[in-house]
């Protein structure tokens, strides 16, 4: 461990929002504000772009109660970005600017709260600062509903999204079987390359009211088999509920939704959507049945009203541990979760893993957790996911609607 | 009031499900089971079709705890239908069959739980039974998320759907403003002819995080004005959140979504959907902005996890009052709600209104509650809707997921 380091810290949020990413930010901000070595807590507006633009909020000027409401406030309250930072060996313009800002505010701690791409950003900054000899401790705080971060048992954000998906599928399953006529319902769930979210739909079935079929991107999609499976069930039962991941693709790697896709996001990822509608249209033609497509869309990643208490507390913990570890001398690491069983019950402890080992890898659902037919998950998946959605957190309301944090966002001078 | 009438009762559910329609069914079933004059409580499978098909469940054989869980179980647990019963003066086949079944089980009380079309069914049966001299008391128990039933201040089901819409819009508003780039988001909300549901999106804005623009079907839709309003805001703010009712239509009455529509439901209503996607596509072309369409779809009508306690209790009350009133001698009526102010606070009492006055009329949002520009609701609407979404009911869970009623559904002999 290195020596005591005193200075300001920056917390930034990046990538797609989740229901609990602000809980991690609160974990960082609250802990940092209480830490003597940290002289000032700055929140970067829209992640690394806020650093580049010198747009930093002075978190010390916020009301403590309003800050605490970050626990119940979905999405990234400081603003997010999808800015892809260059490789410093090719173009170090951004890094020079970041160093300039770090020096301006005497920033000695940098906490970055995000997913795969954000850990890559974090890693590059960490290495650049070491290279130029500027002492600054850089820590990654994980978040992603996709749950695809390497090196951690699970990611903050996943449990709450999974709980929303499972609950919504239970409700839709009840609704979609109400008439005496036939009906096929297709629910489209997020997850570009990993099926963790789509698999969560099976938790609904586990509780007695959920999808009959679940399609994950870990298995190559076979159009003919898909239609045969749905139509076979439809003929038997009259009602079929199907959950599909937005990321399902053919054996050649092309997304099933691709025909519908024209634009890409800032990282060059294809923007998916409209898959359920496309499958529903084809099923309508093939069966003549009433077919309905439901896309959970943004709802699944911002449903703070249905957050998992376990997820929320772990999200806060990740932020807190990041600060404590950095102050203790750690740098270039991400906070990760290790699952433990204590007296037969789920427990979770943190560990630190090198950013270099996590950046840009994607963790997928093990093939052994998917059934032989490739149209559902196994009990292993249920056993994995169920502990992560547990508990109802207290949440502030006003007029029976959510009461979100109202931050002043005073720019640092 | 007429004399004491002893016999069996039938409860049926009809039309689109809601989050609390089972609470009304429970209000009927529980009260009927406790009423000495009612010798047997029968649940019709899929509404009036269950009567025609002689498919009736013996509710007396259900476990009391499981029945009580109907309070937290969304959708119509007995099954629903969209069966349009004929005019008895033109074709009395169905009525003869209903009479036959009523005689078979000595049914003297008929409770029908539904919306406009169901009250029409209820009214026709009531008049037929009177005409043929079969003593049977017929009561309508209102439900509809659309809130468009005539003669009642509001309908069971509306408050919970409104709460879901408002909460979801608050969450989406947080998510949809997270990036530093521009974004337009369109949320499509149910409501074929009335804007009560779409207007509920404005509750989110009232709480500080909601749509900028709200379009109701009570105002003729003007395509050019719509695009001008959205693009004007987009240029000013960079982020725009729009709520649209699925039922918006042009001055000639044609639905904006019509181009997308091919099929109709059992009552000949056009099946709407895909409107938000259509508007989003056009906005994308016009602005070049990132545009996202979100359709709340079935989620808004079955979200029991976010039910309003006020709505849930009133839904139960409607069922209970229907039974008590029928036993006291009433028939041919629907239970309606009258809003009262007690010590400055919202209160609600029931009254009975003739089925003939409610059947097939649709109650719309008063034009005075819509702003001059026709793109939002006024404070009067907020004051109307806000009391209806109040309170968090207790709800049974298992593994932090909903625990729904598990009924045996034993067919009556």
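When you look at residue B:111, is it in contact (Cβ under 8 Å) with a residue 12 or more places away in the chain, more than 14 Å from chain A (Cβ to nearest Cβ) and buried (at least 23 other Cβ atoms within 10 Å of the Cβ), yes or no? Yes; evaluated as a whole, the condition is true for this residue. Restricting region A:40-54 to residues that are assigned to a helix (DSSP H, G or I) and free of Cβ contacts under 8 Å to residues at least 60 places away in the same chain leaves a set whose member that is surrounded by the most Cβ atoms within 10 Å (Cβ to Cβ) is A:51. Would you call residue A:25 touching a helix residue (DSSP H, G or I) at 6+ places or on another chain (Cβ under 9 Å) and farther than 20 Å from residue A:134 by Cβ? Spelling it out, residue A:25 is indeed touching a helix residue (DSSP H, G or I) at 6+ places or on another chain (Cβ under 9 Å) and farther than 20 Å from residue A:134 by Cβ.
Could you tell me how many of the residues in region B:55-70 are in contact (Cβ under 8 Å) with a residue 40 or more places away in the chain and either touching a strand residue (DSSP E or B) at 6+ places or on another chain (Cβ under 8 Å) or crowded, with 24+ Cβ neighbours inside 10 Å (or both)? Summing the residues that are in contact (Cβ under 8 Å) with a residue 40 or more places away in the chain and either touching a strand residue (DSSP E or B) at 6+ places or on another chain (Cβ under 8 Å) or crowded, with 24+ Cβ neighbours inside 10 Å (or both) in region B:55-70 gives 6. Among the conditions (1) buried (at least 17 other Cβ atoms within 10 Å of the Cβ); (2) within 14 Å of chain A (Cβ to nearest Cβ); (3) under 27 Å from residue B:188 (Cα atoms), the only one that residue B:288 does not satisfy is (1). With respect to (1) in a helix (DSSP H, G or I); (2) at pLDDT below 95, the lone exception for residue B:2 is condition (1).
Mind telling me which of the residues A:320, A:364, A:409 ends up being assigned to a loop (DSSP other than H, G, I, E, B) and closer than 20 Å to residue A:144 by Cβ? Of A:320, A:364, A:409, the one residue that is assigned to a loop (DSSP other than H, G, I, E, B) and closer than 20 Å to residue A:144 by Cβ is A:364. Residues of region B:395-411 that are at pLDDT 95 or above and either under 24 Å from the mean Cα position of the chain (by Cα) or farther than 17 Å from residue B:44 by Cβ (or both): B:396, B:397, B:398, B:399, B:400, B:401, B:402, B:403, B:404, B:405, B:406, B:407. On the stretch given as region B:323-361, residues that are over 19 Å from residue B:312 (Cα atoms) and outside any loop (DSSP other than H, G, I, E, B) total 13. Cβ-Cβ distances below 9 Å connect no pair with a first residue in region B:250-265 that is on the phi > 0 side of the Ramachandran plot, a second residue that is at pLDDT 90 or above and loosely packed, with under 10 Cβ neighbours inside 10 Å, and a separation of six or more residues or different chains. Residues of region B:367-405 that are over 24 Å from residue B:315 (Cβ atoms) and either assigned to a loop (DSSP other than H, G, I, E, B) or within 11 Å of another protein chain (Cβ to nearest Cβ) (or both): B:371, B:372, B:373, B:374, B:375, B:376, B:378, B:399, B:400.
Residues that are within 14 Å of another protein chain (Cβ to nearest Cβ) and more than 30 Å from residue B:165 (Cβ to Cβ): does region A:332-341 have at least one? Scanning region A:332-341, I find no residue that is within 14 Å of another protein chain (Cβ to nearest Cβ) and more than 30 Å from residue B:165 (Cβ to Cβ), so the answer is no.
Does residue A:239 satisfy being within 13 Å of chain B (Cβ to nearest Cβ), surrounded by fewer than 23 Cβ atoms within 10 Å (Cβ to Cβ), modelled with pLDDT under 95 and over 22 Å from the mean Cα position of the chain (by Cα)? Against the criterion (within 13 Å of chain B (Cβ to nearest Cβ), surrounded by fewer than 23 Cβ atoms within 10 Å (Cβ to Cβ), modelled with pLDDT under 95 and over 22 Å from the mean Cα position of the chain (by Cα)), residue A:239 does not qualify. Residue B:212: surrounded by fewer than 20 Cβ atoms within 10 Å (Cβ to Cβ), touching a residue at least 12 places away in the same chain (Cβ under 8 Å) and at negative phi, yes or no? When the stated conditions are applied, residue B:212 does not pass them. Of all residues in region A:207-229, those satisfying the criterion of being more than 23 Å from the chain's Cα centre (by Cα) and not in a loop (DSSP other than H, G, I, E, B) are A:213, A:223, A:224, A:225, A:226, A:227, A:228, A:229. Right, residue B:174: touching a residue at least 24 places away in the same chain (Cβ under 8 Å) and under 26 Å from residue B:355 (Cβ atoms) or not? Criteria not met by residue B:174. Residue A:329 falls short on exactly one of the conditions (1) within 21 Å of residue A:16 (Cα to Cα); (2) away from every other protein chain (no Cβ under 14 Å); (3) modelled with pLDDT of 95 or more, and that condition is (1). In summary, helices (runs of 4 or more DSSP H) completely within region B:91-182 and bearing 2 or more residues that are modelled with pLDDT under 95 and in contact with a helix residue (DSSP H, G or I) (Cβ under 9 Å, 6 or more places away or on another chain) occur at B:116-132. Of all residues in region A:183-203, count the ones that are within 14 Å of chain B (Cβ to nearest Cβ) and in a helix (DSSP H, G or I). Going through region A:183-203 one residue at a time, the tally reaches 4.
The values are calculated or read from the model by the stated rules, or taken from the named source; none is laboratory data. Just so you know, these numbers come straight off a predicted model, no measurement behind them. Every residue, glycine among them, receives a Cβ derived from its backbone with ideal geometry; neighbour counts consider all protein chains shown.
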